[in-house]
Amino acid sequence: MKVINKIENNLKNLHAQDPKIAKLVDQELDRQRNSIELIASENFTYRGALEAAGSVLTNKYAEGYPDHRYYGGCEVIDKVEKIAIERVCKLFGCKYANVQPHSGSSANLAAYHALANIGDTIMGLALDNGGHLTHGSPVNFSGIYYDSQSYTLNKETEQLDYDLILKQAKKVKPKVIVAGYSAYPRKISFKKMRDICNKVGAYLLVDMAHIAGLVATKQHPNPFPYAHVVTSTTHKTLRGPRSGIILTNDKELAKKINKAVFPGLQGGPLMHIIAAKAVCFKYAASAEYKNYIKKTMANAKAIGKGMEDGGLRLITGGTDNHLCLVDVSVARATGKQVEAACDKAFITVNKNTIPNEKLSPFVTSGIRVGTPAVTTRGFTEKDCYKVGQNIAKIAFNLNANGNCKPAVLKEVQKDSKAMLKARPLYAGSQY
Ligand SMILES: *Cc1c(COP(=O)(O)O)cnc(C)c1O
């Protein structure tokens, strides 16, 4: 293979020092290059972010916050963290940010810690309706340490039903209501969620992990000024390194959040990752990135149209963000089967429960299909429409054993290969 690409060159030392791991990193890059990545929570981060994440900043201990550290030698690190904070506040129009959480889940853990006491009631969307594990699932800290009283979607519309949420909130009197989801294809009214919170005296915690990139580019309403606290990941639509953030406009809450993160839950911050986050916040403010998000959303519509024209059913009848939730039971298929069959055709999707789900979470009646990653590598609406049609084709052509009919599989494999070749990942001078 012709090496024109810094990505490969970067592993020179790793190959010398630990060839086993280096080879696996290369294999993973190959895997990413050779599949149509439609997992809605994944993306391909910037080379600049990869370099920052792989930098010597990983060597530095910096417990505490800029200008208030428990270690010496933090004068450079302080500048990095201050830039990250300044950029993310500007990006989302808020006053205070904590950029130290290691992930979206630990950001939520810290946010709950700041807003509620152990045993208090929290109210998030049920996991099988599109919520996240950290929104009160019984197998997660959020459902173990707090009294979790989940809300659900409207069974007919498959969408948020603010009257239903209010009714439940009046009944269970939560300390915190969580808005923001992992598998919800429609816009969220943060204003309506805040009105509900005001009526029952609850905090509004918005977890914008999936839609942060849309919010940053004004393609989805901003949780501010309605949310008391906002958490997010930085590696989904935001296209940064794998990590988390917490934002607020409230000075007292900001103090509680900082205490909750450190010394409450974490030790030293990952300064290399904070630097990489700063890189993604910089790009997220650019016109080019706004264009990318608009394309991501147009691509989600196109892939949805392709699946719908192929006979599958879109939950809620469509999408206004970066993902589609799809009912594959109309093809007499399960999510598990479609996921496995698509995988063989170089298309990566994940099985997903759908509203009114009748099957177990390990089988499911649905799949979740998102476009942030393929849009990063340059897929167009035309490509996405075709991929959508191909997913439907696979779902409707499964044998009794759950495998795709060989002739159909072959056709789709050919299409996938052609598209992947035409839109190479991390090639030339690309991002
Ligand atoms: C992905 C996600 C998270 C968790 O992020 P991790 O970095 O995987 O811990 C939290 N909330 C929502 C809504 C998510 O979709």
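Of all accessible surface on the chain at a 1.4 Å probe, what whole percent is carbon and sulfur?
Values: 10260 of 19120 Å².
That share works out to 54 percent.
With Cβ to Cβ distances under 14 Å as the rule, what net charge do the other residues near Pro138 carry (K, R +1; D, E -1)?
Values: positive: none; negative: Asp128, Asp147.
Result for the neighbourhood of Pro138: -2.
By per-residue mean of other Cβ atoms within 10 Å, what is the highest-first order of 11-18, 36-43?
Details: 11-18: 12.2, 36-43: 23.2.
Packing proxy ranking, top to bottom: 36-43, 11-18.
Give me the number: length gained by fully extending His68 to Thr157, i.e. 0.36 nm times residue separation minus the C-alpha to C-alpha distance, one decimal in nm.
Details: separation 89, 0.36 × 89 = 32.04 nm, distance 5.05 nm.
Using 0.36 nm per residue and subtracting the Cα-Cα distance, I get 27.0 nm.
If you take the beta carbon distance between Lys173 and Lys12 as r and set R0 to 45 Å, what does 1/(1 + (r/R0)^6) give as a FRET efficiency, to the nearest 0.05?
Numbers: r = 59 Å, r/R0 = 1.32.
Efficiency at R0 = 45 Å is approximately 0.15.
Please state the shape class of the range 90-213: rounded when a/c is under 1.5, otherwise prolate if a/b exceeds b/c and oblate if not, all from the C-alpha gyration tensor. Each step should come with its number before you reach the end.
On the way: a/c = 1.35, a/b = 1.16, b/c = 1.16.
Rounded, because the longest to shortest axis ratio a/c is under 1.5.
With a Förster radius of 25 Å, plug the Cβ-Cβ distance of Asp120 and Tyr61 into 1/(1 + (r/R0)^6) and report the FRET value to the nearest 0.05.
The computed FRET efficiency comes out at 0.15.
With only alpha-carbon atoms counted, please give the Rg and Dmax of the chain, in Å.
Rg, Dmax (Cα atoms, Å): 21.8, 65.
Per-residue counts of other Cβ atoms within 10 Å, averaged by peptide: what ranking do you get for 74-85, 402-413, 202-213, highest first?
Details: 74-85: 18.5, 402-413: 15.7, 202-213: 27.3.
Packing order, densest peptide first, comes out as 202-213, 74-85, 402-413.
Largest first, please: the extent of the C-alpha atoms of the range 168-220 along each principal axis, to the nearest Å.
That works out to 34, 19, 15 Å along the principal axes.
Under a Cβ-Cβ cut-off of 12 Å, what is the net charge of the residues other than Lys414 that fall near it, where Lys and Arg count +1 and Asp and Glu count -1? Could you put the intermediate results ahead of the total?
Values: positive: Lys386, Lys410, Lys417, Lys421; negative: Glu411, Asp415.
Charge balance in the 12 Å sphere: +2.
Please compute the contact order of the chain in relative form: average sequence separation of alpha-carbon pairs under 8 Å and at least six residues apart, divided by the residue count, as a percent. Intermediate values should be presented prior to the final figure.
Values: 897 pairs, mean separation 90.9, N = 431.
Here the relative contact order equals 21 percent.
Report the antiparallel proportion of the DSSP beta bridges in the chain as a percent, rounded to a multiple of 5. Numbers along the way, then the final one.
Numbers: 21 of 35 bridges.
Taking every DSSP beta bridge within the chain, about 60 percent pair in antiparallel fashion.
How would you rank 112-121, 234-243, highest first, on the average number of other Cβ atoms within 10 Å across their residues? Don't skip to the answer; put the middle values down first.
Numbers: 112-121: 17.5, 234-243: 27.6.
Going by the mean number of other Cβ atoms within 10 Å, highest first, we get 234-243, 112-121.
Quote the relative contact order of the range 357-431 in percent (integer), defining contacts as alpha-carbon pairs under 8 Å separated by 6+ residues.
Rounded, it is 27 percent for the range 357-431.
Specify the inter-centroid distance of the range 191-239 and the range 289-326, based on alpha-carbon positions, in whole Å.
21
Over what distance in Å are the Cα centres of the range 17-58 and the range 335-349 separated?
Cα centres, the range 17-58 to the range 335-349: 22 Å.
Please work out the average accessible area per residue across the chain, using the 1.4 Å probe convention, and give it in Å².
On the way: 19120 Å² over 431 residues.
Using a 1.4 Å probe on heavy atoms only, each residue of the chain averages 44 Å².
What is the sum of charges, Lys and Arg at +1 and Asp and Glu at -1, for the other residues whose Cβ falls under 11 Å from the Cβ of Glu339? Don't skip to the answer; put the middle values down first.
Numbers: positive: Lys336, Lys344, Lys351, Arg368; negative: Asp343.
Taking every other residue near Glu339 into account, the sum is +3.
Students often forget the sequence filter, so: which lysines lie under 19 Å Cα-Cα from Lys23 once same-chain residues fewer than 8 apart are removed?
Partners found: Lys2, Lys6, Lys12.
At a probe radius of 1.4 Å, what is the per-residue accessible area of Asp250, in Å² to the nearest 10?
Rounded to the nearest 10, that gives 60 Å².
Using 10 Å bins from zero, what percent of all Cα-Cα pairs in the range 1-102 falls into each bin?
All Cα pairs, binned at 10 Å, distribute as 11, 31, 28, 24, 5 percent.
Expected output is a single nm value to one decimal: the length gained when fully extending between Asp26 and Asp147, i.e. 0.36 nm times separation in residues minus the C-alpha distance. What is it?
Values: separation 121, 0.36 × 121 = 43.56 nm, distance 4.46 nm.
So the chain would gain 39.1 nm between Asp26 and Asp147.
Taking 0.36 nm per residue of sequence separation and subtracting the Cα-Cα distance, how much length would be gained by fully extending the chain between Ala422 and Val363, in nm to one decimal?
Details: separation 59, 0.36 × 59 = 21.24 nm, distance 3.36 nm.
Stretched fully, the Ala422-Val363 segment lengthens by 17.9 nm.
According to a simple spin-label model (label point 7 Å from Cα along Cα-to-Cβ), what is the distance in nm between Asn403 and Leu164?
4.1
The values are calculated or read from the model by the stated rules, or taken from the named source; none is laboratory data. Keep in mind the model is a prediction, meaning the values are calculated, not measured. Counting neighbours? That spans all protein chains shown, and the Cβs are built from the backbone with ideal geometry, glycine included. Calculation scope for accessible area: heavy atoms of the full protein, side chains included, ligands and nucleic acids excluded. Shrake-Rupley method; radii C 1.70, N 1.55, O 1.52, S 1.80 Å.
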